[in-house]
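Here is the structure we will look at, set down as structure tokens.
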Amino acid sequence: MADFDKRAEVTVETMGKVHNPTGAGVRAVSSVAQKKASKVASAVGKNGVNSASSSSNDKHHPDSHGARPGPHRHHHHITDGELETQVKEEGSARRNITRKKTDPAAGGNYDSKSKKMGGAGKGKWDPMDGADSEHLVIDKDDPLYDEEAADDKYILTTAEDAIPTSGEDPTAYDGITDHKVYGPMLTLAEFKLQVAEAVKEYFDASDADEVLRGINELKCREFHPEVVKKAISLSLDKGPREREMISKLLTHLHPTPLADADMEAGFELLLDSLDDLCIDCPDARAMAGSFLARAVVDEVLPPAFLSTRNNSHPGDEVVEKAVGLLSREHCTARLEHVWGPGDGRPVAELKAVIDQLLEEYLLSRELDEAARCVREMSAPHFHHELVKRGVKIAMEKDGRDNKDDAATSSLDAMAALFSFLVKNSIVSEYQVAKGISRLRKLVPDLKLDVPAAAAMLKEFEEMAREGGCLPAQVPVEGN
């Protein structure tokens, strides 16, 4: 195999010889650059010759600093070497021509950090702006939320020299700081929230002992008057059952943990806030008067409170209503049922109220008043008893008086009452049907007092269907 000479490496110095082997080599500079370089060299030569004369005549030159006022212009003279191609390494086979901008000697290698980016750097993160040192607030619903690490947790402690002079017992003991704690353990807003939750739970469970334990565990004796105000205000937009439960709860909480002073201060807070309560509950003043009278009867509130309040606020209609209720005959027995038949009383008492309601209706024949009394019962599940006892009383009256005239018939008046109640969505058709079904089972016993009981019941069913109390095509149970 023949030996071949190694081909010479192509560099900037030998580049011209490769393309022109016979020549002496061509510099790797364009003709345009050569012309500019020659002009600059001639200008530099002239400046060197006339440097002395130019320095003496500098003040007469138009661009001199002393010829005219204004900014000074410094001219940079470009040398021949600055326009030449820069060589990074000699003898390298790869293309090693680097531009002046990235020449290490001219300014260092290209660095992306010096890049201006678009938008004047608006989207650029500045590590010195302190954003990474800001504390991020985590929402309590966030999976990363740590209740123990929350910043709003605090410990209330009292220094040894801050013990109350009245000899008050400490509320708690802080083992971390080894100090006794005096005063409330919660803020007023937190205490109100806890009391509201306890009262709502009491409406469902009817456990007054649980409410008492909860108030003691809160350890906020200074805020006990708020219990009276909060409990009564929550019951104003409820039914008679809830208001009766609150009256019993106040009796259960007195005198421990709610003392006489706490009760009086609590009712003062309630009376002062009635203007706001009347916005949501227009009957708030009348109900507050009933609560005052009931509290006096239950010996939760002293009678002197009413006279004191009347002296400080003369003409207060709430106090006047309470005094009026207490001035009635047999006020104690009446105020025990001040909230009406729907206060959760036993079934026997509820039946007595139903009989009284029906008797008064048959005497007055006022549908609106009877409907109001049925609403106040707050016992929609017990309306079938109202239907059964109403038809029974009407049959006994007509059978005893032998009345067949529709204008004076008690049975016809009772059919009109139940039709009115069903049309106003006070009593459901199901309750009417259930009451008549129960009455059918009592017909054999009713015949002993009213021989025509079966015929009269059938007549009532026809009138009820005509009045819309019973579905026309749905048979009543027991047929």
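Key figures for this structure:
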| item | result |
| --- | --- |
| Sole residue being of a type in the set (D, E, K, R), under 21 Å from D237 (Cα atoms) and open to solvent by 20 Å² or more (accessible area, probe 1.4 Å), chosen from R328, R375, R334 | R375 |
| Positions within segment 246-264 being open to solvent by less than 20 Å² (accessible area, probe 1.4 Å) and assigned to a helix (DSSP H, G or I), in sequence order | I246, S247, L249, L250, L253, M263 |
| Boolean, K230 is surrounded by fewer than 17 Cβ atoms within 10 Å (Cβ to Cβ) and closer than 18 Å to D276 by Cβ | no |
| Enumeration of residues in segment 337-362 that are touching a residue at least 60 places away in the same chain (Cβ under 8 Å) and open to solvent by 50 Å² or more (accessible area, probe 1.4 Å) | G344 |
| Residue tally, condition part of a helix (DSSP H, G or I), closer than 20 Å to L439 by Cβ, under 44 Å from the mean Cα position of the chain (by Cα) and not charged (D, E, K, R), over segment 358-387 | 9 |
| V391 being closer than 24 Å to K238 by Cα, of a type outside the set (K, R) and buried (at least 19 other Cβ atoms within 10 Å of the Cβ) | no |
| Those residues of segment 455-470 which are surrounded by 14 or more Cβ atoms within 10 Å (Cβ to Cβ) and assigned to a helix (DSSP H, G or I), in sequence order | M456, L457, E459, F460, E461, M463, A464, R465, G467 |
| Test for D449: is it touching a residue at least 24 places away in the same chain (Cβ under 8 Å), of a type outside the set (S, T, N, Q) and farther than 20 Å from R365 by Cβ | yes |
| Selection count, segment 179-223, where residues are outside any helix (DSSP H, G or I) and either open to solvent by 50 Å² or more (accessible area, probe 1.4 Å) or at pLDDT 95 or above (or both) | 7 |
| Per-region count, segment 363-372, residues open to solvent by 20 Å² or more (accessible area, probe 1.4 Å) and under 17 Å from A394 (Cβ atoms) | 5 |
| L439 modelled with pLDDT of 90 or more, among the aliphatic types (A, V, I, L, M), closer than 18 Å to A370 by Cα and surrounded by 17 or more Cβ atoms within 10 Å (Cβ to Cβ) | no |
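Residue by residue, here is whether (1) modelled with pLDDT of 90 or more; (2) in a helix (DSSP H, G or I); (3) hydrophobic (A, V, I, L, M, F, W, C); (4) over 23 Å from P380 (Cα atoms) holds:
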{"position": "L411", "(1), (2), (3), (4)": "yes, yes, yes, no"}
{"position": "A416", "(1), (2), (3), (4)": "yes, yes, yes, no"}
{"position": "V422", "(1), (2), (3), (4)": "yes, yes, yes, no"}
{"position": "V427", "(1), (2), (3), (4)": "yes, no, yes, no"}
{"position": "Q473", "(1), (2), (3), (4)": "no, no, no, yes"}
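The values are calculated or read from the model by the stated rules, or taken from the named source; none is laboratory data. Remember, it's a predicted structure, so these values are computed and weren't measured experimentally. With ideal geometry, Cβ positions are generated from the backbone for all residues, glycine too; neighbour counts draw on all protein chains shown. All accessible areas refer to the heavy atoms of the entire protein, side chains included, with ligands and DNA or RNA removed. Shrake-Rupley method; radii C 1.70, N 1.55, O 1.52, S 1.80 Å.
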